[in-house]
1. Can you compute the helix-only [θ] at 222 nm over the chain? Use -39500 (n - 2.57) per DSSP H run of at least 4 residues, normalise by all residues, nearest 500 deg cm²/dmol.
2. Say R0 is 25 Å: what FRET efficiency, to the nearest 0.05, do Arg229 and Glu275 get from their beta-carbon distance?
3. Take the cross-link list Lys236/Lys269; Lys84/Lys293; Lys84/Lys289; Lys42/Lys255; Lys230/Lys293 and give me the ones stretching past 20 Å between alpha-carbons.
4. Choose one of Gln215, Phe291, Leu130: the residue whose Cα lies farthest towards the positive end of the charge dipole of the chain (beta-carbon charges +1 Lys, Arg; -1 Asp, Glu; about the Cα centre).
Amino acid sequence: MKNTAFHTLIRIAPNPASGEAVVVGLVFFDGSRYWMRVSSRKVRLAGMLIPQARGVVRDVVSQIERRVATDMQARQAAVAEGVKPSGKHLLQLADWEYLSRYSNGILRIGTPTSVAMFENDTPESVFEQLFVRLVDSTVSQDKPSLIQASPLVQEPVVQLMERVKPLVHTNLRITDRQLPELFFEFRMECLGLNGSFTAAHVLPLDFYGMDTLQQHVFEYDTVARSLLRKFRRDSKGSAFYLLCDEPSEESDPDKHKFWRAIKENPLLKVIPIEEAGEVAERIEKTGAKRFLKAEPTHTSQQEVA
């Protein structure tokens, strides 16, 4: 039996003073990755009870999604490097407490509760059972917002990072120490320079929600433009790869529309994840090298899992 799994419930309290709350979502950690789903039906129900707080609810739910996504990105990077995930980017108990305080008690994150997983259990089945039992039994009628369980790092990305690791930055965390105009931190799978930039960032469209996807693209575009300005390089000679697969237009038209939009960005070169080898070939062809001082990794004593 595995004991590293846990879940926590997302609740909306129409009247925080009464202690009553509507369960609207579930965050589940299976020992290596997160799953998250919010019931749109239950959120609409809660919104009818507190119409004045609909914006707050949407904002905090988006924050939860982004925070879970940041944790997963850090875990992906650690797996690619062959090390144990650690550091301030992993979810901590204090993060759940902050998100609860943020909404003045309207949105509440429950205390993480252990989940017993046996050898024959799959994360998919455990997550679905928990969601149906604890959140919404009409799950089949709902279109979920889900941080999906998928391979932490797809094989083409692992091969890319291993291939270029001796040459350029890999698993690089860029902050305002390297680019002073930044107001956020951003992680890139690889980055090199030799006359022009070659960079790559992985964006699994089926893994993140729309808010997080938009944030990733905005931040990647901002980092690219900042690098070009600081080092006085022409964008036409550089290649900022965005590794992401085309989503199904039939099953997820919104994400397919988003994918088409980012392909129109003149600064980013969108290619499928399975073609990650193209990045390595360009790095080798151009002779790109490391040129930045990487940020140190910090550890924390309050990590969850």
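No value in this document is a laboratory result; all are computed from the given coordinates. Small disclaimer: the values here were computed from a predicted structure and weren't measured. Note that each Cβ is placed from the backbone with ideal geometry, even for glycine, and that neighbours are counted across all protein chains shown.
1. The helix contribution divided over the chain gives -12000 deg cm²/dmol.
2. Once rounded, the FRET efficiency stands at 0.30.
3. Lys84/Lys293; Lys84/Lys289; Lys42/Lys255
4. Phe291
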